[in-house]
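Here is the structure we will look at, set down as structure tokens.
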Amino acid sequence: MYYIIVNPASRSGRGKKYWNRLEPYLKSTAVPYTVFFSSYSGQIREIMHTLTKDLTDASSPIHVIILGGDGSINEALQGVKSFDKLLLSYIPTGSSNDFARDLGISKDPVVAMKRLLEQPTRRQLDIGCVEYRDCRFENAAMQKRYFAVSCGLGYDAAVCAEVMQSKMKDLFNRFKLGKLTYLFIALKQLYNTKAVSGELSLEGCDTTVINRLLFLCGMIHRFEGGGFMFAPDADDHDGILDLCSVSNVSKLKVLRVLPTAFKGKHFRFPEVSDYHVSSYTLTMNSPMWLHTDGEILAMTDSVKVTCLKEVLHIMY
């Protein structure tokens, strides 16, 4: 039995259209499935929680297929009660689809499902966990959130914050040009995001002082933001986070650096640094936007980020 969770709102409402293409194919195969549709923010988490909460004594894992974007995967992870009892599959229907891009999952839902049913690949992937406190609320409690692709602070998160509210995203998605949304907003946010100073503590290493930090992202996979290859050497099952840090750079020079990230060539610039660790802590002198998998979480001045090795069982 397959349990399919569909996000109809993904890619500005095209998620439902993708499902309408996929449903006749599924019926033709006669495979057993139950489908759920999310209709509000947080419902994917609730559905996943319901599906996985009573699996302690199950002899085999439950197989859940997510039809949505990177944000749908992110939300689903928050509802998982036991990763050992979950087998996850993914049909990408979002705007950026960085998770699928790195795994080589087809953008065509029928092609992706056909491969899943006939010639599947089964693997165990790392996920990340970030602990943070939202500075927008007085006496806010510490929170934690899992992520599948990346966790970012600063400029990249500010871009995500605006993309989530942008009408431009809907317009470009209609013409299958969703990547341009991120590019245009990235240029706009370049003038709005303020660099901060901070201390980066890497596991097993001395603390590093970072001046004028523009952004720092911890990557499980190679891509984020619709195809920016911020971590060209990332290995999704090695238990290591690949960090990309940009600091002490003029905003004019960022215009030179940013396009090179599409090809993973940005580390040739001295203002761009990479680190490879299983966990890190970043403390800043001023709050910055925080995101996981493109989903905005908070304004925060401190995070602890950890890589959880090979906890996600996936088939695609």
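The values are calculated or read from the model by the stated rules, or taken from the named source; none is laboratory data. Just so we're clear, the structure is a prediction, and the values are computed from it rather than from any experiment. Cβ atoms come from the backbone with ideal geometry, glycine included; neighbour counts cover every protein chain shown. Please note that ligands, DNA and RNA were not included when accessible areas were found on the heavy atoms of the full protein model with its side chains. Shrake-Rupley method; radii C 1.70, N 1.55, O 1.52, S 1.80 Å.
Of all residue pairs spaced 6 or more apart or on separate chains, those with beta-carbon atoms under 6 Å, a first member in the range 250-263 that is under 19 Å from ASN192 (Cα atoms) and a second member that is at pLDDT below 90 are LYS251/LEU190; VAL254/LEU190. Among the residues of the range 296-316, the ones that are out of contact with any helix residue (DSSP H, G or I) (no Cβ under 8 Å at 6 or more places or on another chain) and open to solvent by 20 Å² or more (accessible area, probe 1.4 Å) come to 9 in all. Might you let me know whether the range 194-214 holds any residue that is modelled with pLDDT of 95 or more, open to solvent by 70 Å² or more (accessible area, probe 1.4 Å) and part of a loop (DSSP other than H, G, I, E, B)? The answer is no, given that none of the residues of the range 194-214 is modelled with pLDDT of 95 or more, open to solvent by 70 Å² or more (accessible area, probe 1.4 Å) and part of a loop (DSSP other than H, G, I, E, B). Strands (runs of 3 or more DSSP E) fully within the range 1-110 that include at least 3 residues being in contact (Cβ under 8 Å) with a residue 40 or more places away in the chain: 2-6, 62-68, 86-92. Being modelled with pLDDT of 95 or more, farther than 20 Å from ALA158 by Cβ, part of a loop (DSSP other than H, G, I, E, B) and open to solvent by less than 20 Å² (accessible area, probe 1.4 Å) is a property that HIS221 has.
The set of residues in the range 141-150 being in a loop (DSSP other than H, G, I, E, B) and within 17 Å of ASP301 (Cβ to Cβ) consists of ALA141, MET142.
Just to be sure before I move on: is GLU138 at pLDDT below 95, of a type in the set (Asp, Glu) and either under 22 Å from VAL303 (Cβ atoms) or open to solvent by less than 10 Å² (accessible area, probe 1.4 Å) (or both) in the structure I sent?
Yes.
If only one of LEU241, LEU255, LEU308 is modelled with pLDDT under 95, at negative phi and out of contact with any Leu (no Cβ under 7 Å at 6 or more places or on another chain), which one is it?
On the way: LEU241 fails: modelled with pLDDT under 95; LEU308 fails: modelled with pLDDT under 95.
Every option except LEU255 fails the conditions.
With the condition kept exactly as written, say whether any residue in the range 263-273 is more than 14 Å from the chain's Cα centre (by Cα), at pLDDT below 95 and surrounded by fewer than 20 Cβ atoms within 10 Å (Cβ to Cβ). For the range 263-273, residues more than 14 Å from the chain's Cα centre (by Cα), at pLDDT below 95 and surrounded by fewer than 20 Cβ atoms within 10 Å (Cβ to Cβ): absent.
Evaluated against (1) touching a Ser or Thr at 6+ places or on another chain (Cβ under 7 Å); (2) closer than 15 Å to THR283 by Cα, VAL209 falls short on exactly one condition, (1).
Looking at the range 88-111, which of its residues are open to solvent by 10 Å² or more (accessible area, probe 1.4 Å) and aliphatic (A, V, I, L, M)? Result: LEU103, ILE105, VAL110, VAL111.
Look at the range 272-298: where a residue is assigned to a loop (DSSP other than H, G, I, E, B) and a partner is of a type in the set (Gly, Ala, Ser), sitting 6+ places away or on another chain with Cβ atoms under 6 Å, you get SER278/GLY239; ASP293/ALA148; GLY294/GLY71. Only residues that are polar (S, T, N, Q) and surrounded by 12 or more Cβ atoms within 10 Å (Cβ to Cβ) were counted across the range 30-55, and they come to 4.
Can you tell me which residue among PHE230, PHE262 is outside any helix (DSSP H, G or I), closer than 14 Å to ALA186 by Cβ and aromatic (Phe, Trp, Tyr)? Quick ask: steps written out before the conclusion?
Values: PHE262 fails: outside any helix (DSSP H, G or I).
When all the criteria are applied, what remains is PHE230.
Filtering the range 1-19 to residues that are farther than 12 Å from MET113 by Cα and either touching a strand residue (DSSP E or B) at 6+ places or on another chain (Cβ under 8 Å) or modelled with pLDDT of 95 or more (or both) leaves MET1, TYR3, ILE5, VAL6, ASN7, PRO8, SER10, GLY15, LYS16.
Looking across LEU125, LEU116, LEU153, one residue alone is part of a helix (DSSP H, G or I) and open to solvent by less than 20 Å² (accessible area, probe 1.4 Å). It is LEU116.
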